[in-house]
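Structure provided below as structure tokens; questions to follow.
Derivation of every value follows stated rules applied to the coordinates shown; laboratory data play no part. Quick caveat, the model's predicted, so the values are computed rather than measured. In this analysis, Cβ positions are derived from the backbone assuming ideal geometry, glycine residues included, and neighbour counts consider all displayed protein chains.
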Amino acid sequence: MNAKRILIAEAAVLGGAALALLIAEFPGIVREVRLWRMVGFRPGPRNRLRAKHA
């Protein structure tokens, strides 16, 4: 085997491992996004939440 084939094989293994990890963690990511939405977490100015209640 030459070096290029070894690098391609390593990239394929690492890509597959990253994809497997993402698939395994996907339910937890969805749960976290739902929690953020319930709490009202949005990027931007922080005082916007207080302005609603004032």
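Please list 3J(HN,Hα) in residue order for segment 20-37, calculated via the Karplus relation 6.51 cos²θ - 1.76 cosθ + 1.60 where θ = phi - 60°; whole Hz, with x for glycine and proline.
4, 5, 4, 5, 5, 8, 4, x, x, 5, 4, 4, 5, 5, 4, 5, 4, 5
Something else: Report the label-to-label distance for Ile29 and Ala17 in nanometres (one decimal), using points 7 Å from each Cα along the Cα→Cβ vector.
A separation of 1.8 nm, rounded to one decimal place.
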